[in-house]
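The values are calculated or read from the model by the stated rules, or taken from the named source; none is laboratory data. In this text, all values refer to a predicted model and were calculated from it rather than measured experimentally. Positions of Cβ are generated from backbone atoms using ideal geometry, with glycine treated the same way; all protein chains shown enter the neighbour counts. Protein only, heavy atoms only, side chains kept; ligands, DNA and RNA dropped before computing areas. Shrake-Rupley method; radii C 1.70, N 1.55, O 1.52, S 1.80 Å.
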Amino acid sequence: MKKLTKSIIAMLAMGLISMTASAKSKTKVTLIPHANIGLSNLGSSFTNESENSNVTKPMGQNILVGGGLEAKFALTKQIGVQTGLNFMSNNLGQKYSKSVTSSLINTTTTVKSTATYSSLEIPVLMTFDINTFTLEAGPYVSVPLGQLTQKGSTSIKINNNDPTSSNYSTTTDLNTKLNFGFLLGGDWKKKISGGTLVLGARYITDFSPTQSVLLDSEGKKVEDSEGDLFTRRGLLFNAGFSFAL
């Protein structure tokens with residue numbers, strides 16, 4: 001996994017350097033360092049949602065935070081291609097309950113859980129400039145990094161007795177090595193001293209669920225241990241600064 005990640009970063013860096021060098025004398029190249037924060041509860045879905053009741057996705061458990069560097073290559077006065085390398089900290093959470101009722105006992109279990117993992121995001125976007133606005137759309141590659149951490153609490157209430165609660169924290173190996181998705185967004189730009197202020201929003205949607213996997217003591221995959229966890233979707237609010245090379 002580390003070798004794959006390093007290879008992707010190296011290839012992207014070489015590609016950006018090559019594109020910048022070749023395009024510098026022919027077309028306008030703009031660098032855009034930026035940061036973003038957003039919500040992953042606007043569309044994300046957990047695989048186990050259909051099995052539970054009263055499923056909610058609290059805002060505080062569903063935060064996306066990231067940033068990176070992108071480069072925009074103008075093909076015409078209005079049309080361009082934008083790509084780069086971004087880092088994302090992904091938090092996806094849910095709260096749900098299960099009830100089991102018999103003639104003597106009514107048991108309600110309430111679970112609150114948050115899954116956290118990091119990823120590298122590599123977008124390849126077409127851009128269209130309209131005065132001070134830029135529309136952008138295109139695919140991206142998401143590369144999960146390391147393990148996924150799951151934290152939460154379980155509360156069990158039997159009849160009218162006070163509930164008993166317990167907290168848990170586990171780490172899970174990820175079977176997903178690459179995920180593909182689509183991004184749609186827009187930016188507003190304002191020229192300031194030394195460059196251009198860029199403010200915007202982006203909506204991201206992964207095409208496939210993120211999967212977990214069990215590994216044995218030798219680090220090998222346990223047969224048929226793969227399982228879907230969730231499909232990430234979210235709205236990102238973006239702030240950056242662009243300057244021409």
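The figures follow:
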item	result
Residue, modelled with the lowest pLDDT, within the stretch 106-125, restricted to residues that are out of contact with any Asp or Glu (no Cβ under 8 Å at 6 or more places or on another chain) and of a type outside the set (S, T, Y)	N106
Candidate set from the stretch 196-213 (those that are farther than 19 Å from T116 by Cβ and not in a strand (DSSP E or B)); member that is least open to solvent (accessible area, probe 1.4 Å)	S208
Test: residue in the stretch 221-241 that is open to solvent by 60 Å² or more (accessible area, probe 1.4 Å), in contact (Cβ under 8 Å) with a residue 60 or more places away in the chain, in a strand (DSSP E or B) and of a type in the set (K, R)	yes
Search result, residues across the stretch 61-96 that are surrounded by fewer than 18 Cβ atoms within 10 Å (Cβ to Cβ) and either outside any strand (DSSP E or B) or touching a His at 6+ places or on another chain (Cβ under 7 Å) (or both)	G67, L75, T76, K77, Q78
In the stretch 138-151, residue farthest from T114 (Cα to Cα) [restricted to those that are open to solvent by less than 30 Å² (accessible area, probe 1.4 Å) and of a type in the set (G, A, S)]	G138
Of all residues in the stretch 157-195 being open to solvent by 70 Å² or more (accessible area, probe 1.4 Å) and of a type in the set (V, I, T), the one that is modelled with the highest pLDDT	I192
Tally, over the stretch 163-195, of residues that are in a strand (DSSP E or B), closer than 30 Å to E226 by Cβ and among the polar types (S, T, N, Q)	7
Residue in the stretch 97-105 that is under 28 Å from D206 (Cβ atoms), open to solvent by less than 10 Å² (accessible area, probe 1.4 Å) and either modelled with pLDDT under 90 or part of a strand (DSSP E or B) (or both) present	no
Residue that is modelled with the lowest pLDDT, among those in the stretch 15-41 that are of a type in the set (V, I, T) and open to solvent by less than 40 Å² (accessible area, probe 1.4 Å)	T20
